[in-house]
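The values are calculated or read from the model by the stated rules, or taken from the named source; none is laboratory data. Bear in mind that the values here come from a model prediction, so they are computed numbers and not experimental data. For neighbour counting, all protein chains shown are included, and Cβ atoms are generated from backbone atoms with ideal geometry for every residue, glycine included.
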């Protein structure tokens, strides 16, 4: 079998050389096809915008060569074919016979192998089976490549358009990646409530859809601008919601709404008083009282609107100007008479150093830090007409101690304030409070609230800014 | 079964000596001598065709002298009867009783020269059929085996048609080879003159025995032959059949019938023998191509186009070889 190993070695050498030649042939063929197609593509790219046409053409050429190499692997000649190839070079079918009868041990087969091995001693494989370079095929291949590069080098407007489109696509890809990254981040943020997350995701998905259907760079700018605006609006909306929630919370906490209602009531009462003095000494009907009440409420909220003013004026038998003047006078009277909201802190109470808030023995209904009612230090202090028995009790307000409800509701050791009990309930006789003190208390309370709840930092900043603005 | 390679080499050497011995009496015709030997070594009959005076009969007689085996010559004539070839039953008086006894004819020899075989009637020609194929002779109820090795070497003259009977296809198919004896070159003719006219005697000694021939036949049967080469031989035969898918255009155009399977057998065996006589232990495509002509030429039946255009079987076979080689 030793002689056959030598024979097999020669056969394999022949096969290797055949494979190389096949690779050169098929590689040139595939490369030529690839480069010609690539050249054709770039030729078309002179008139039609085709992104990356040059690289595509080059890729097609390389792909063609690789395809040729791939096919070579599949078409790699077998040992029999290699043996026949060697036999055709003067071995007179000695190789193929030896290969087929390699396992036979009869004298003739052994003699045949020995004889073939001897023949191979004078069989230079490299010379007998030379690797022939396919110069013609390679020439065609190079021609195809040259055609491709020439087409690539020819400048044209279509190529510029294609380049611009490519840049645009890169931008879109980059923006898309960023948006998708942002979506992942938002999805992972637990501090954002699901509703906000969903809103943001919808917004980003819309933007992605727009990006996919975008046609030019201006469109990209517009899309991103729209996204920016939507985000700002969403941010504002969310901030408003949080701020609204905070203010609602503060109003609930500090009974601001009640104070406003009280203010409206005071204005209505003052207006009634004015109306009686000026236009009806005999008294007011319920209808007129209701009209004044509505006018006062409307005036307190937004100023009188046309229809409301007309309706109230008709009921009261006044002109619109008269009614407006009446209400302004009533408002002025309240201010002059010290009838003011504690939240305004604009009172001119001579005893105005009293602490704000209800005392322990104060009005249980209000339970807020807002003082209401007439200023007992003012000679022009407002008193509701027609009130019932009036009693006054001392109310002790602590010295600017804030931070908990007990302090806000006052203590028995502070300076005294007074309230008047009327038929309609309690009415403060006026406690003069320092504006900064009240603002400080409100601020502290707001801070406490926003730190005790899960509130986004942005909203916290808004609340803080608001209350710090009050202090200024 | 071949015992060892030395035995093979010994027989090959003897065959080469046979060629040399024949070469003493027969000038030129190297290829014919080689092909004749191939037929002898592969148990085949040979039809030699040539114009008169080319030494066909002389060649066979010389061969018979070189081979140390029995030889008989039958001159085929129109009045030759089958019994004149095979033998006949004679009434013999033995022990006072007359009884038939078979008297063997001239066919009972190792080498039978059927000289000018086409001059006998088809009836007589047919007397050779059994002997050529089965190597037996049947007379009445008796079948007798012919001596081994047995071969018929026949000659015929292609240019004389009058008084001749063309061999039937079945008869032709039984010849392994049909050899064309060509006219010798000037040099060869000069050498022939020196031998034949000068009165010099040629000393020819027998070299190869019947046993040697039979041994050689066994060796040839075991001779390695690659599948591709064997397939090539078969394709040649198939390509000669106009109706076959692998038929070559020349066959389709000029042949009525292609070569029989005996042609494939002949190519197989003689190509092996040729390789062996050349000292190779494997058969090449060239060996197949070399024996394709003598093995196929008498087995092709030309159509009218070929005859009218003067196309010979050899032309068609060469075309077939060329066509099959390109495809192969």
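Hey, any hits in segment B:262-283 for a residue that's over 20 Å from residue B:222 (Cα atoms) and assigned to a helix (DSSP H, G or I)? No, because not a single residue in segment B:262-283 is over 20 Å from residue B:222 (Cα atoms) and assigned to a helix (DSSP H, G or I).
Residue count for segment A:71-84 under the criterion of being away from chain B (no Cβ under 14 Å), loosely packed, with under 15 Cβ neighbours inside 10 Å and touching a residue at least 12 places away in the same chain (Cβ under 8 Å): the result is 1. Assess whether residue B:194 counts as being exposed (fewer than 14 other Cβ atoms within 10 Å of the Cβ) and within 14 Å of chain A (Cβ to nearest Cβ). When the stated conditions are applied, residue B:194 does not pass them. The residue that is nearest to the other protein chains (Cβ to nearest Cβ), among those in segment B:211-220 that are touching a residue at least 12 places away in the same chain (Cβ under 8 Å) and surrounded by fewer than 17 Cβ atoms within 10 Å (Cβ to Cβ), is B:218. Has segment B:187-197 got at least one residue that is on the phi > 0 side of the Ramachandran plot, modelled with pLDDT under 85, assigned to a loop (DSSP other than H, G, I, E, B) and not assigned by TED's automatic domain parsing to the domain that holds residue B:291? The answer is no, given that none of the residues of segment B:187-197 is on the phi > 0 side of the Ramachandran plot, modelled with pLDDT under 85, assigned to a loop (DSSP other than H, G, I, E, B) and not assigned by TED's automatic domain parsing to the domain that holds residue B:291. The residue of segment B:238-295 that is farthest from the chain's Cα centre (by Cα), among those that are within 14 Å of chain A (Cβ to nearest Cβ) and surrounded by fewer than 18 Cβ atoms within 10 Å (Cβ to Cβ), is B:279.
In segment A:57-70, which residues are farther than 25 Å from residue A:17 by Cβ and surrounded by 17 or more Cβ atoms within 10 Å (Cβ to Cβ)? Across segment A:57-70, the qualifying residues are A:57, A:58, A:60, A:61, A:63.
Listed residues A:171, A:153, A:141, A:182; which is at pLDDT 85 or above and surrounded by fewer than 17 Cβ atoms within 10 Å (Cβ to Cβ)?
Checking each option against the conditions leaves just A:153.
Among the conditions (1) within 20 Å of residue B:211 (Cβ to Cβ); (2) more than 14 Å from chain A (Cβ to nearest Cβ); (3) free of Cβ contacts under 8 Å to residues at least 24 places away in the same chain, residue B:44 misses just one, which is (3). When residues in segment A:74-109 are screened for being under 26 Å from residue B:5 (Cα atoms) and not in a helix (DSSP H, G or I), 8 of them pass. Among the criteria (1) modelled with pLDDT under 90; (2) in a helix (DSSP H, G or I), the one residue A:133 does not fulfil is (2). Being assigned by TED's automatic domain parsing to the domain that holds residue A:29 and in a helix (DSSP H, G or I) is a property that residue A:207 lacks. Scanning segment B:160-173 turns up no residue that is buried (at least 18 other Cβ atoms within 10 Å of the Cβ), part of a loop (DSSP other than H, G, I, E, B) and free of Cβ contacts under 8 Å to residues at least 40 places away in the same chain.
Can you find even one residue in segment B:229-237 that is within 14 Å of chain A (Cβ to nearest Cβ), under 24 Å from the mean Cα position of the chain (by Cα) and more than 21 Å from residue B:41 (Cβ to Cβ)? Yes; the residues of segment B:229-237 include at least one that is within 14 Å of chain A (Cβ to nearest Cβ), under 24 Å from the mean Cα position of the chain (by Cα) and more than 21 Å from residue B:41 (Cβ to Cβ).
Looking only at residues in segment A:85-98 that are crowded, with 20+ Cβ neighbours inside 10 Å and more than 8 Å from chain B (Cβ to nearest Cβ), which one is nearest to the chain's Cα centre (by Cα)? The selected residue is A:85. For the structure I just gave you, tell me whether residue A:112 is assigned to a helix (DSSP H, G or I) and within 14 Å of chain B (Cβ to nearest Cβ). Judged against the criteria, residue A:112 is a match.
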